[in-house]
Amino acid sequence: MNAKAFRKLSYGVYVISTWDNGRATGCTANSAMQITSDPATIAVSINHNNYTNQCIAQSGRFAISILSEESDPSIIGTFGFQSGKDVDKFESVAHEIRGNMPVVKDACAYICCEVIDKMETATHTVFLGKVVDADQQSDQEAMTYAYYHKVVKGKSPKNAPTYIPEEAPAGPVWVCSVCGYVYEGEKPFEELPDDFACPVCKQPKTAFAKKE
């Protein structure tokens, strides 16, 4: 089986948010889809190891912030490469309450849902939600998973449903040990600037390792 075939499916880049006993929390995801239009229902897939999974199960609600091509890439790192159990992710990300749910301001749209059903798989829970609120926040193009990889040059967290180990690079590159971002620089394989910070997860130069 060639797992690369799965990459031909279409995905977006989303922040799935919910409440943790009154505190906003969430994680990044690339698997969200509309199931029906009337009534409007949405499905999201969340890894069992993500703290957001148990928070959605407990609160019975979730929101989807649809990131755009202009959204700050650090949002992906904030919500995708650290646990909401240990970090208040929304502390450093501008957000507002819509449909009684926390949503990211720097997104092109949001959808708020009440959980009406769920399905368990070996690694993920698929939550089915009835839409209770939704709105478009800008006219910017939604960020696709392909755009995230090709333009932002970001990598998938290992908990992502679409995670596939990357092939080894053809030559030496600098790779972020936290989020997997690959830095090639203005000149291929140059040394990192001393003040360099990962554009995805904001880690400093010291978090990068040179890969041959």
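The values are calculated or read from the model by the stated rules, or taken from the named source; none is laboratory data. What you see is a predicted model; the values in this text were computed from it and never measured. Cβ placement follows ideal geometry from the backbone for every residue including glycine, while neighbour counts extend to all protein chains displayed. Accessible surface is based on the protein model in full, side chains and every heavy atom, while ligands, DNA and RNA are left aside. Shrake-Rupley method; radii C 1.70, N 1.55, O 1.52, S 1.80 Å.
Please report, as a whole percent, how much of the solvent-accessible surface of the chain comes from carbon and sulfur atoms (probe radius 1.4 Å).
Values: 5580 of 11320 Å².
That share works out to 49 percent.
Averaging the Cα positions of each part gives two centres, and for the stretch 75-102 and the stretch 44-64 these lie 13 Å apart. Among residues other than ILE35 whose Cβ falls under 12 Å from its Cβ, what is the net charge (Lys/Arg +1, Asp/Glu -1)? Summing Lys/Arg as +1 and Asp/Glu as -1 gives -1. For the chain, the fraction of C-alpha pairs farther apart than 20 angstrom is 58 percent. When peptides 91-97, 25-31, 196-202 are ranked by their average number of other Cβ atoms within 10 Å per residue, the highest-first order is 25-31, 196-202, 91-97. Ranking GLY180, MET119, ILE35 by Cα position along the charge dipole of the chain, where only Lys, Arg, Asp and Glu carry charges on their C-beta atoms, puts MET119 farthest toward the positive end.
How high is the relative contact order of the chain, in percent, with contacts defined as C-alpha pairs under 8 Å that are six or more residues apart?
22 percent
Can you tell me how much longer the chain between ALA197 and LYS118 gets when fully stretched, taken as 0.36 nm per residue apart minus their C-alpha distance, in nm with one decimal?
Difference between extended and current length: 24.5 nm.
Taking each residue as 0.36 nm, the span from VAL132 to LYS205 lengthens on full extension beyond its C-alpha to C-alpha distance by 22.0 nm.
Report the FRET efficiency, 1/(1 + (r/R0)^6), for ALA57 and GLU91, where r is their Cβ-Cβ distance and R0 is 30 Å, rounded to 0.05. Please report the intermediate quantities before stating the final value.
Values: r = 23 Å, r/R0 = 0.78.
It comes to 0.80.
Between ASN21 and SER37, residue separation times 0.36 nm minus the direct Cα-Cα distance comes to 2.7 nm. When only the Cβ of Lys, Arg, Asp and Glu is charged (+1, +1, -1, -1), the dipole of the chain relative to its Cα centre reaches about 620 debye.
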